[in-house]
Amino acid sequence: MALRIVLLIILLASLAGSAMAAYTGLLNIPTAETVEPGSMSVELEDDGSVQGHTAQVYLINTEVGIVPRVEAGVDYEFRNGENGQLQWNGKYVFSVDNHHSVAMAIGTFSSFPTIGLSNYLVATKDFHSFRLHFGGMRIDGADEWFTGIDSPINERLILMADYTSGSNNYSSAGFDYWFNDRLDLQAGVLFANSDSDDLYTLVLSYSIPLRSRTRDNNSDSED
């Protein structure tokens with residue numbers, strides 16, 4: 001399994017491309033970036049077993065850019081035949097270097113397929129043609145490490161892969177496709193570190209501006 005994720009990372013690193021709009025996570029790990037202040041991201045997520053042996057999980061996730069480097073939101077998760085539950089998420093980017101190429105963040109989020117919140121610390125390094133991510137999180141009472149990479153192929157398509165340690169966790173590979181500046185689709189496969197089923201994930205995201213351009217332009221004119 002470790003060899004598979006290393007080969008995926010090498011493949012992605014070799015595919016250089018132009019920069020794209022920012023997003024705040026890979027398929028199964030967080031990154032050290034946040035939603036822009038004054039905007040909200042809404043995601044409709046469908047996760048399940050590739051083999052069809054486990055129940056599907058549906059989520060509605062939201063993140064709101066509160067101020068620069070801070071986002072927060074709520075996630076609603078429901079599974080087949082079970083009552084749904086509400087979780088919250090939050091992230092604070094506490095360090096950015098002078099060249100804006102390295103950032104570090106702390107936060108909490110729902111790490112699929114875990115039921116419950118996972119606290120994490122993550123660092124992101126931007127190499128322009130690709131980005132590397134590395135950090136640690138607490139999942140189900142255990143401290144695990146994770147790493148990931150994403151690389152833009154063109155103005156719309158980004159390839160990505162990540163790995164989280166621990167026998168109950170997963171490595172993943174997939175893509176993020178941007179239909180326009182606000183709407184994108186993230187999809188991929190999560191490969192189990194143990195004998196559990198491999199999983200798929202589909203996430204449709206839409207960015208909503210909470211402040212109108214007219215209001216922002218008026219504020220600039222007053223200044």
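The values are calculated or read from the model by the stated rules, or taken from the named source; none is laboratory data. Everything numeric here is computed off the predicted structure, so don't read it as measured data. Positions of Cβ are generated from backbone atoms using ideal geometry, with glycine treated the same way; all protein chains shown enter the neighbour counts.
Structural remarks
- Meets criteria (among the hydroxyl-bearing types (Ser, Thr, Tyr) and under 17 Å from VAL35 (Cα atoms)) for THR124: yes
- Restricting attention to the stretch 123-141, the residues being modelled with pLDDT of 90 or more and loosely packed, with under 13 Cβ neighbours inside 10 Å number 1.
- Residue list for the stretch 62-86, filter: among the polar types (S, T, N, Q), out of contact with any Phe, Trp or Tyr (no Cβ under 8 Å at 6 or more places or on another chain) and assigned to a strand (DSSP E or B): THR62
- Taking every residue in the stretch 54-73 that is within 25 Å of VAL102 (Cβ to Cβ) and pairing it with any residue that is acidic (Asp, Glu) and not in a strand (DSSP E or B), at least 6 positions away or on another chain, the pairs with Cβ-Cβ distances below 8 Å are GLY65/GLU36.
- Pick from the stretch 89-112, criterion touching an Asp or Glu at 6+ places or on another chain (Cβ under 7 Å) and modelled with pLDDT under 90, ranking: farthest from GLY65 (Cα to Cα): PHE112
- Candidate set: the stretch 154-183, residues that are at pLDDT 95 or above and of a type in the set (Asp, Glu); chosen: the one surrounded by the most Cβ atoms within 10 Å (Cβ to Cβ): ASP162
- Every residue from the stretch 157-178 that is closer than 17 Å to GLY141 by Cα, in a strand (DSSP E or B) and either of a type in the set (Val, Ile, Thr) or without any contact (Cβ under 8 Å) to a residue 60 or more places away in the chain (or both): THR164
- Selection count where residues are modelled with pLDDT under 95, part of a strand (DSSP E or B) and not hydrophobic (A, V, I, L, M, F, W, C), scope the stretch 113-122: 2
- Given (1) touching a residue at least 40 places away in the same chain (Cβ under 8 Å); (2) in a strand (DSSP E or B); (3) over 17 Å from the mean Cα position of the chain (by Cα), number of the condition ASN154 does not satisfy: (2)
- On the stretch given as the stretch 179-200, residues that are among the aromatic types (Phe, Trp, Tyr) and part of a loop (DSSP other than H, G, I, E, B) total 1.
- Which listed residue, of TYR206, TYR120, TYR200, is among the hydroxyl-bearing types (Ser, Thr, Tyr) and buried (at least 20 other Cβ atoms within 10 Å of the Cβ): TYR120
- So ILE149, is it assigned to a strand (DSSP E or B) and modelled with pLDDT of 95 or more: yes
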